[in-house]
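Each remark here refers to the structure printed beneath this line.
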C-alpha cells in the first residue's frame, strides 16, 4: 500500500476565497460570526504573517518568490524528479518481490519491505514540515534526497531480508522529506491562479509512475538483477539534487531574535506513537490475530504514547504538531476530509487488482491496467479543477467531486458477475476524475490560507492524515473482506477451501486444483468481499463529505498573493484610471477574482 501540493501574503492581510461572483465577503469564514481570535479569519496586522492562535505575530513574511520565473523550469523539473523517486518506489519494488525473496529468503517478513517504508514516510512527515518552516525548504529537501539515495544504495547492497528491510526504512526517512517538501515548494513557487499547473504536473508524475513502475521493475528483475531497481534511483536523484542546489534560491529572512529550537522530544514522541500505531494496523490480522496479545499491547502502548505526545506538544515552545492545525476550521476539515480519502483509496489500489485477477480472470498486467486508468483521468481532472473552484469556491468544488465519487463507489457492487473488464475500468476512470476534482482544490485551498512560515506544517499535516487514513483503511477493509469470505465459505461445496483473501487469490491462480463448482464459488465469494469493501469506501466518502459540510467554512480565508497585488498596482499606475469597486478590494489586501 503506497501513498498517494500557494504563496502567502507578504503583508499578512487576509483575503477571501476567489469565486466567480462580483461581491466580496470579509475575512471571516462566511458564517456570519466574527473571527475567532487567532483563527483563520482573524485580521492580521500589516507587515506580519499569522502566527499561532493567541500568540505574537510572526516576523515579516519573506518574499514569495523562491526563484525567478525563468528559473522555475529547472526547479519544477527537480521537483518532478524528486516526486518520481517517491511515487515509483512502491510499484517498482512490488514486481521484483519473487526475485528478492528467492535471493535473500525471508518470505514470512517480506511485507515489511512496504510496511517499513510506509511507516518511516508517515511518521516523519510532521517533523519535516516543521523543519521546513523553521530552517527553510531547500536544506530539508536536499537532506531528504541524500537520505533517500543513501538508503537506495544500501538496499542494493543488502545481504539478507532483515538488512533490506532496515535499509528500506532509511529510504522511507528520506521519502517523508520528499513527499512533504516537494508539495510545499510547489505552493511557494506559484501564485494561487497558477498552482493547478504545477499540481497537474506532479499528478502526472504519480500517474506515469503507476504505469511505468511495474513495467520497469519487471524488466530489471527479469533481465538484469533486482538490485538495479534501487540503483536506478541514484542518477535520477543526483540530477534532482544538482538542479535544487543550483537553481532553488530561497529568499533571505530576518534573523530571529532567539535561535530556533527544534522540539526533539515532541518529534520522538510523534515518531514512537506513529510507529506503534501503524505497526498494529499493518500487522494486525496478518502476522497475528486482532485480539491477540501483540495487537492489544501495541494499541494500548500507542494510546499511552499519544496522550504523552499531547502533553509534550502543549508544553513545547515550537511543537512539531501545533495546536492551531486542529483549532483552525479550514485546516482541520481538510485534514479529516483527506484522511477519509486515504481510507477510501484502499478499495481500488489494494482490492481491485485482486478482483480483476480472481473474478475476471485477468493476468497481473491486464489487472494493473484496469486500475491504471484511474491515474489517467485524475491529473486531467486536477488540471481543470481551477476552472471550477474559481467560479464556485474550493469547498463546493471538493464537495462536488466527493459526491460524484460516492455515487461511483456505490455503483461498483451493481456490476454484473463476472462482467467484462471494461466495466470496472470505466468505474475507475470516473473515480479518478471525481477524486482529482476533490483533492487538488483542498490542497491548493488550505495552503493558500497560511503564510510561508506555516505552509510546511500545514502541508505535512494534510499528507500525514492521508497516509494514516490509508493505513487504517488497509486494516479495516482487510478485516471486512476476510470476514465476508469466511461467512460465504461456511457452506462451501468442497471442504478445505481457504478462508482469507490472499489464500483464495493464490488458489484461483491454479484453476486445475479445484472443481469448476468450487472455483465458481470462490470467485463469487471474492466478488462479494470486494463489493463490501467498496461499500465501506462509499462510507468513507460520506465521512469526507460530512467533514466538509459541517466543519469547512463556506469561503476559505485565502491570503492575497503579493505578486498579483504588485501587478495590479502597476496596471493602475499605467492607466491612471479611477479605482473601481473591484480595484478597491484588491488594494485592501484581499484576493482578486480569479
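General remarks:
- Condition met for residue 162 (farther than 22 Å from residue 224 by Cβ, assigned to a helix (DSSP H, G or I) and either assigned by TED's automatic domain parsing to the domain that holds residue 200 or touching a strand residue (DSSP E or B) at 6+ places or on another chain (Cβ under 7 Å) (or both)): yes
- Of all residues in the stretch 89-110 being within 21 Å of the chain's Cα centre (by Cα) and under 17 Å from residue 167 (Cα atoms), the one that is modelled with the lowest pLDDT: 90
- Hits in the stretch 328-338 - residues which are closer than 17 Å to residue 129 by Cβ and in a helix (DSSP H, G or I): 330, 331, 332, 334, 335, 338
- A count restricted to the stretch 371-420 and to residues that are within 22 Å of the chain's Cα centre (by Cα) and within 21 Å of residue 536 (Cα to Cα) stands at 13.
- Residue in the stretch 219-240 that is in contact with a helix residue (DSSP H, G or I) (Cβ under 6 Å, 6 or more places away or on another chain), crowded, with 19+ Cβ neighbours inside 10 Å and closer than 26 Å to residue 559 by Cα present: no
The values are calculated or read from the model by the stated rules, or taken from the named source; none is laboratory data. Note that the structure is predicted; figures quoted are calculated from it, not measured. All Cβ positions, glycine included, derive from the backbone under ideal geometry; neighbour counts span all protein chains shown.
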